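The values are calculated or read from the model by the stated rules, or taken from the named source; none is laboratory data. Predicted model, so just to flag it, every value in this text is computed and none were measured. Here Cβ is always computed from backbone atoms with ideal geometry, including for glycine, and neighbour counts include all displayed protein chains. Heavy atoms of the whole protein, side chains included, go into the accessibility calculation; ligands, DNA and RNA do not. Shrake-Rupley method; radii C 1.70, N 1.55, O 1.52, S 1.80 Å.
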Amino acid sequence: MKTINYTLGLICLLIINLSFAQSIAIDGTITQSENKTCNTFESGSFEGWQGLNSTISLDAPAMDGTRYLKADDKSGASYIYTNSFPNNWERYKDQCLCFDYKVFNDGVAGSVININPKIMLMNHANPLSATVRAVFVATVTVTEDGPWVHVCAPIMPSDGVTLPGNSNGQWTNVTPAQWNSLLTNIKSVGFFVDVAGSNAIMETIGVDNICIQKCDEIVIPNDEGAYCCDGENLVKNGNFEAGDSGFTSSYTNNSSVYPGEYDVTNTAAAFGATITDHSFCADPSQYATNDNFLVVNGKTQQAGNSVIWETTISGLNPKANYKFCANFKNIPQCTFDVLPNVNMEAVGAGSSGFSLISANASDPCHWINKEFNFTPTSSTITLRIILDETGNGDGNDLAIDDISVTQLIDPELSITVQHQGNPQKITASINTIDTSDDYLPGGKCEYFWYVAKVDSYPPLAIDFGTFASGNNGGNSNGSSPWNLTTTFPDYVFNQNTMYVVGMYLPACECYDEGFTYQLTLNNRPIGNDMMSEAQKQQIIDMILNGQKGAKIETTLNRKSVDTGLSVYPNPAQGKVNLFMQGDTLNNIEIFSVSGQAVFSQTYVGKETNEEIDVSSYASGIYFIKAQGADGKQYNIKLLKE
């Protein structure tokens, strides 16, 4: 388990220094007055706290990575308490009494006890002698060895009818009149150690940062993390710093983490492993306080799989593209270890396909990133992480951290085209014609120039028999590179002829695909809004899937030849052919933009192609999802004219 940053502890130390009103005695020694309003235990002492039928000690690390007060239950009614706070709390009106809290042992074996943290204000220095005891009951529940929580209770008079409360909880156990009287005569502050009741054998709790402070200083778990892309993360609590919130699971939350259970924690000690938070590993300075991750004890020898994490997000643009990312780390077992086989799914919009997670167990920071792009079919979508449970053996255990969904960034693709009439020559460059700004979004992403003869406009008619594309790996007419600034070597431009010249960027890293073009004749650029969607899709299809006689050898095309799904023709009117390269088909599904399934086929043999009649489909865009033999997911768009 890593050491986390001490920022919060330093802040609380500053609060202590400001809160201790010091006075100088006659002998010159410095004494502390009653204005002690914060206990952080960074002094190395109990700071006035005592145990009643309980044993107290100092331990670390707490929620802020520093010392905390630990209490073990003994026989009888057990408390920890202090008389060091001021008596009159009317001066703290509209502030809050805040504290960090954790249950290490609920004292009950074999079951999960949900515990609501409580803090007490009493009218006597000894809890057993108190006749008025106000109890603030937090709304959050904690379980044995679960994460630390931070709670803030409001300090304000009652309106005479109800006791004060807030989103963190409610004051109870006294009448409004008793509460108002108690605020002027508080003799002790304390906690129950008997958190699970009389049936418990011995409970252990931890408390820290017990402070009177402004309510707006409530520590809210950060939602920042080393996500795969910048921009707003639409997944709430994707870094798990807010604990077990923002998601559901078919597994049960239990800190013991038996098979079929999960926990949000900062340690994998329950598995005998050492794991460090993914964000902290990525940047210990920027993400110094990130500590939590999800651990899952996967079931094995089952008939299928389970959804181990699920959430629904909203506010999506159905016309935009998004990236779904998560970081995984398998937790090996000593014998018969089964590697977790994980699939990520955006329901109705695609999935990553199942793949095995095999990280370096000896490196606490070796996480494996899985991601895929999807286009939502509506403004709301359900996301799932699915675990294959059919493995025969032990293991199938894993950690998950920093889950994100971000909209792909518009690459804002721009080109400049210059035409020279005699000799016939066209020069094109990304951004301006100056080579000093020749750079791509993402730095190392793929790009493709394309050029073709224009028969007429408007509407724009393209002679696709003259189409050629290329990049720094070559071009479809020859081996010469078409760099970010190029004169299109191996392509012959005719006199008095109009050409369409453009660039296409496939979606890459965190950037969406980009597409732009210009029409050129005697150095006269014309418009950028005459090309139909069908023509754009045909150009992209010819670039990515090649054409008869194509010689282009680029990084992307080599990948496409090795493995991938292609569809032709695209756009289509009647029948289309799907080809699987480097893999075989398990199934094919086709969805409309509204998410309706219009085609589904499962294959038993090792099929690599399929012909599908789409003539009856309504015009528009469709999403084809194919699963390969190893469970890998392939996605491609189809435009039906």
Exercise. List the DSSP H helices in the chain whose Cα atoms stretch 15 Å or more along the helix axis and whose mean Kyte-Doolittle hydropathy is at least 1.6.
Key: 7-19
Quiz prompt | Restricting the range 387-457 to trypsin sites (Lys or Arg not before Pro) in coil, as DSSP defines it, with at most 16 other Cβ within 10 Å | solution = Lys444
Practice problem: Determine the relative contact order of the chain: mean sequence separation of Cα pairs under 8 Å and six or more apart, normalised by residue count, in whole percent. | Solution: 9
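Checking the table Lys370/Lys453; Lys444/Lys625; Lys236/Lys606; Lys453/Lys575; Lys102/Lys323 against a 31 Å threshold on Cα-Cα, which pairs fail?
Numbers: Lys370/Lys453 42 Å; Lys444/Lys625 27 Å; Lys236/Lys606 41 Å; Lys453/Lys575 28 Å; Lys102/Lys323 36 Å.
Check vs 31 Å cut-off fails for Lys370/Lys453; Lys236/Lys606; Lys102/Lys323.
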Exercise. Could you work out how far the C-alpha centroid of the range 437-500 sits from that of the range 271-341, in angstrom?
Key: 43
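Using a 1.4 Å probe on the protein heavy atoms, what percent of the accessible area of the chain belongs to carbon and sulfur? Present the calculation step by step, with values, prior to reporting the outcome.
Values: 13440 of 27930 Å².
Accessible surface attributable to carbon and sulfur in the chain totals 48 percent.
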Quiz item: What fraction of the DSSP beta bridges in the chain is antiparallel, stated in percent and rounded to the nearest 5?
Solution: 95
Practice problem: Excluding residues on the same chain fewer than 8 positions from Lys640, give the aspartates and glutamates whose Cα lies under 16 Å from its Cα. | Solution: Glu533, Asp541, Glu589, Glu611, Asp613
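Measuring with a 1.4 Å probe in the full set of protein chains, what accessible area per residue, in whole Å², belongs to the chain? Walk me through the numbers on the way to the answer.
On the way: 27930 Å² over 641 residues.
Ligands and nucleic acids excluded, the figure is 44 Å² per residue.
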Practice problem: List every residue whose amide H lies under 5 Å from the amide H of Lys187, counting only residues 5 or more places away in sequence or on a different chain, with H placed 1.01 Å from N in the peptide plane. | Solution: Met122, Asn123, His124
Quiz item: For the pair Asn317 and Asp438, how long in nm is the line joining their label points, each one 7 Å along Cα→Cβ?
Solution: 3.2
Quiz prompt | Ala269-Asp94 pseudo-label distance in nm [points 7 Å out on the Cα-to-Cβ vector] | solution = 4.4
Exercise. Set the Förster distance to 25 Å, then compute FRET efficiency between Thr172 and Ala77 from the Cβ-Cβ distance, nearest 0.05.
Key: 0.90
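Could you quote the convex hull projected area for the chain, Cα atoms only and averaged over all directions, in nm²? If you can, show how the numbers build up before the last one.
Working: hull surface 152.4 nm².
The number I arrive at for the chain is 38.1 nm².
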Self-check item: Reachable lysines from Lys187, criterion Cα separation under 18 angstrom, eight or more residues apart if same chain
Solution: Lys36, Lys93, Lys118
